[in-house]
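Enquirer: For reference, the structure I am asking about is given below.
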Amino acid sequence: DEILHSLARPPSPPGLAPPGWRVPVDCVRANELCAGESSCSSRYRTLRQCLAGRDRNTMLANRECQAALEVLQESPLYDCRCKRGMKKELQCLQIYWSIHLGLAEGEEFYEASPYEPVTSRLSDIFRLASIFSGMDPATTSKSNHCLDAAKACNLNDNCKRLRSGYISTCSRELSATEPCSRRRCHKALRQFFDRVPSEFTFRLLFCSCKHPACAERRRQTIVPSCSYEDKDKPNCLDLRSACRTDHLCRSRLADFHTNCQATFQSLTSCPGDNFQACLGSYAGLIGFDITPNYVDASTTSITISPWCSCKGSGNMEEECEKFLRDFTENPCLRNAIQAFGNGTDVNLPPKNPNPAVTVLPKAEKSPILPDDVNDSNTAYDTSVISTCSSLQEQGLKPNNSKEQSLCYSEAQLTTDVMPDQKTFMDPNEGSSQHRESRILLLIPILIPALGL
């Protein structure tokens, strides 16, 4: 039992490796090393046979299976991991799950990530992207960071090519009854987020907004009408079960839970206070049926959810709601997104908060916004002034019946301004640690006000 529990135990939070922790070998290499040793290779074959078609108790009662576990515990396969985007990623993940699927007691709610821990910080991306250069109170009211992110992507050949590719694929109507190829759209999205550096992809996904049109641009980043939305919302547990039948999707979901599972034992509610790991895990889910996205064009709060609900859960409703809350009410994920948007990583000095619009229009279905239109709604007159855009302006050629415009009128906007530095916390918490975290997160607001 101890061997099984040690194999199934989730890894330590990123950046907090325990004493004596071994650097993991990737599972493809570990499999090659095991194959080169007759004892390991025979025991590995035995273990796979033990796990195939047997329940856990039957496996534990078999001496041969126990012996195989004991030998493999000393082999590189014991704690092998995979790297995101590695050449043989799928093969690596198949090897990982061939061992680990049978080691847990039943189907665990949270599974350990098969990926190597992320040790880099958001500050690395801030330095690479220089996304907050020149920002000051006089210019931030007119800036649109999501539009800036799109323009920055267009200046990079690889980012521009892969972004144009998925937008074209996800916007192409196949027939009157089939608006797009969801499978091809997901594949193109996965290629974009796997092959383009995070200093570009993070800016598109997590840019901060002060206007609803900017927030709608952010929501439209993944072309949700094809990659995200559907006629009916499936049950979230059905969506999770379907994801777990695919090694790649299962791995990305386990990685999200490992790096974004909220903990109130850290300042930021994230494991190891590692925002970079959480945001990378979130981006890794895009391009699957469990793809998450912003639910609306809010500029004052962030709500993330996969396209699913808990209707029809029966006696599993509590478990379903728990799964859904890991997206919709996750303080780690919200804090990570807001930290990136505000340029305030844990290891960076705080920056001035961004102003935000307080009244929001209802989200409208619309195509991806073109990069040559400033949609920040900075010019107004006494009549209704709107920001409109279409797919044709972006160089795409959608079917005429699919052409739509996104328009926001002045009547839907207000000029009320409030700090955008908002952190989600458990409303029932009352520990001194949470009070300290709120005080620390208020520092960026207090310093400018006091003239320090």
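The values are calculated or read from the model by the stated rules, or taken from the named source; none is laboratory data. Because the structure is a prediction, the values reported are computed rather than measured. Cβ placement follows ideal geometry from the backbone for every residue including glycine, while neighbour counts extend to all protein chains displayed. Keep in mind that these areas ignore ligands, DNA and RNA; they rest on the heavy atoms of the full protein, side chains included. Shrake-Rupley method; radii C 1.70, N 1.55, O 1.52, S 1.80 Å.
Enquirer: Name the single residue, out of those in region 305-324 being outside any helix (DSSP H, G or I) and open to solvent by 30 Å² or more (accessible area, probe 1.4 Å), that is nearest to Phe206 (Cα to Cα). Outline the logic, then answer.
Expert: Going through region 305-324, the residues outside any helix (DSSP H, G or I) turn out to be 305-313.
Pick out the ones that are also open to solvent by 30 Å² or more (accessible area, probe 1.4 Å) and you get 307, 311-312.
Details: Trp307: 19, Lys311: 30, Gly312: 33 Å.
Residue satisfying both the conditions and the ranking: Trp307.
Enquirer: Mind telling me which of the residues Ser251, Ser208 ends up being touching a Pro at 6+ places or on another chain (Cβ under 9 Å) and farther than 13 Å from Leu333 by Cα? Let's see the steps before the verdict.
Expert: On the way: Ser208 fails: touching a Pro at 6+ places or on another chain (Cβ under 9 Å).
Of Ser251, Ser208, the one residue that is touching a Pro at 6+ places or on another chain (Cβ under 9 Å) and farther than 13 Å from Leu333 by Cα is Ser251.
Enquirer: Another question, if that's okay. Could you grab me the full set of residues in region 141-177 that are open to solvent by 40 Å² or more (accessible area, probe 1.4 Å), farther than 15 Å from Ser227 by Cβ and touching a Lys or Arg at 6+ places or on another chain (Cβ under 8 Å)?
Expert: If the condition is that a residue be open to solvent by 40 Å² or more (accessible area, probe 1.4 Å), farther than 15 Å from Ser227 by Cβ and touching a Lys or Arg at 6+ places or on another chain (Cβ under 8 Å), then Ser141, Asp148, Asn154, Asn158 are the ones that fit.
Enquirer: Testing Ala52 on (1) at pLDDT below 90; (2) open to solvent by 50 Å² or more (accessible area, probe 1.4 Å); (3) within 26 Å of Gln276 (Cα to Cα), one condition comes back false. Which one is that?
Expert: Failed condition: (3).
Enquirer: Restrict the check to region 224-233 and report whether at least one residue is surrounded by fewer than 23 Cβ atoms within 10 Å (Cβ to Cβ) and without any contact (Cβ under 8 Å) to a residue 12 or more places away in the chain.
Expert: Scanning region 224-233 turns up at least one residue that is surrounded by fewer than 23 Cβ atoms within 10 Å (Cβ to Cβ) and without any contact (Cβ under 8 Å) to a residue 12 or more places away in the chain.
Enquirer: Cys226 fails exactly one of the following numbered conditions: (1) at pLDDT below 95; (2) touching a Lys or Arg at 6+ places or on another chain (Cβ under 8 Å). What is the number of that condition?
Expert: (1)
Enquirer: Among the residues of region 266-304, what is the count of those that are surrounded by fewer than 20 Cβ atoms within 10 Å (Cβ to Cβ) and either closer than 12 Å to Arg334 by Cα or touching a Gly at 6+ places or on another chain (Cβ under 6 Å) (or both)?
Expert: 4
Enquirer: When you scan region 207-218, do you find a residue that is within 29 Å of Glu111 (Cβ to Cβ), out of contact with any Lys or Arg (no Cβ under 6 Å at 6 or more places or on another chain) and among the hydroxyl-bearing types (Ser, Thr, Tyr), even just one?
Expert: Step one: of region 207-218, the residues within 29 Å of Glu111 (Cβ to Cβ) are none.
Checked region 207-218: no residue is within 29 Å of Glu111 (Cβ to Cβ), out of contact with any Lys or Arg (no Cβ under 6 Å at 6 or more places or on another chain) and among the hydroxyl-bearing types (Ser, Thr, Tyr).
Enquirer: Glu32 is checked against (1) within 26 Å of Cys260 (Cβ to Cβ); (2) modelled with pLDDT of 85 or more and fails just one. What number does that condition carry?
Expert: Unmet condition: (1).
Enquirer: Looking only at residues that are outside any helix (DSSP H, G or I) and farther than 19 Å from Ala277 by Cβ in region 81-98, which one is least open to solvent (accessible area, probe 1.4 Å)? Spell out the reasoning first.
Expert: We begin by selecting, within region 81-98, every residue outside any helix (DSSP H, G or I); these are 81-88.
Those still in the list that are farther than 19 Å from Ala277 by Cβ too: 87-88.
Numbers: Lys87: 200, Lys88: 98 Å².
Among those residues, the one meeting the criterion is Lys88.
Enquirer: In region 325-344, which residues are in a helix (DSSP H, G or I) and either surrounded by fewer than 22 Cβ atoms within 10 Å (Cβ to Cβ) or not aliphatic (A, V, I, L, M) (or both)? Before the answer, list the steps.
Expert: First, pick out the residues of region 325-344 that are in a helix (DSSP H, G or I): 325-328, 331-342.
Selection gives Arg325, Asp326, Phe327, Thr328, Pro331, Cys332, Arg334, Asn335, Gln338, Phe340, Gly341, Asn342.
Enquirer: Would you tally the residues in region 329-344 being of a type outside the set (A, V, I, L, M, F, W, C) and more than 17 Å from Phe256 (Cα to Cα)?
Expert: Matching residues across region 329-344 total 5.
Enquirer: Same structure again: For region 235-245, name all the residues that are in contact with a helix residue (DSSP H, G or I) (Cβ under 8 Å, 6 or more places away or on another chain) and more than 14 Å from Leu285 (Cβ to Cβ).
Expert: Asn235, Leu237
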